[in-house]
Amino acid sequence: MAATSKPTRLETGDDLDDFVTSRDVALVEFYTSGCALCQAMEPVLGNVARATAVSIGMVNPGDDIDLVDRFDIRSVPTLILFEDGTETARLAEGFQGGDAVTDFLEDHVPTAVEAEPTS
């Protein structure tokens, strides 16, 4: 499935599962409502989505509290990278700029960063 030019909002754990299993590579931001750092990440992730072939999703684990334990979310924003539906890396160090997110992706899935984005 092609990457999109903006993050996809995921409402439930089932949406998250469908999102990560239907893509070779997916990056998901776990955020909460009212989190200023999380809100600041949205345009950054949109830019990363447009510049890479990585599909990006956003999920509020407060809407599906089981996700907090299932993915061991201790702080937000947390970015989790999935390959073929399996978590392969995470970045849970607060706000990250576009270069930091792209570097993170390049370290873990260089072919997705080097690939031409699809729309």
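All of the numbers you see were taken from the coordinates with simple rules; none came from a lab. Quick caveat: nothing in here was measured; it's all calculated off a predicted structure. So basically every Cβ, Gly included, is an ideal-geometry build from the backbone, and we count neighbours across all protein chains shown.
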Discussion item. For T32, what residues show an amide H to amide H distance below 5 Å, using hydrogens built from the backbone and excluding near sequence neighbours?
Written reply: none
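Could you order peptides 19-30, 35-46 by the average number of other Cβ atoms within 10 Å of their residues, highest first? Before the final figure, lay out each step's value.
On the way: 19-30: 21.4, 35-46: 16.7.
Per-residue Cβ counts within 10 Å, averaged per peptide and sorted highest first, yield 19-30, 35-46.
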Worksheet item: For the chain, what's the radius of gyration and Dmax over Cα atoms, in angstrom?
Response: 12.8, 36
Fill in: Theoretical ellipticity at 222 nm over the chain - DSSP helices of four or more residues, -39500 (n - 2.57) apiece, nearest 500
-11000 deg cm²/dmol
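Rounded to the nearest 0.05, what FRET efficiency is calculated for R9 and D99 with R0 set to 30 Å and r the Cβ-Cβ distance?
Values: r = 24 Å, r/R0 = 0.81.
It comes out at approximately 0.80.
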Discussion item. Give me the percent relative contact order of the chain, please, defined on Cα pairs under 8 angstrom at least 6 residues apart.
Written reply: 36
Worksheet item: So for the pair T86, D69, with labels modelled 7 Å out along Cα→Cβ, what separation do we get in nm?
Response: 2.5
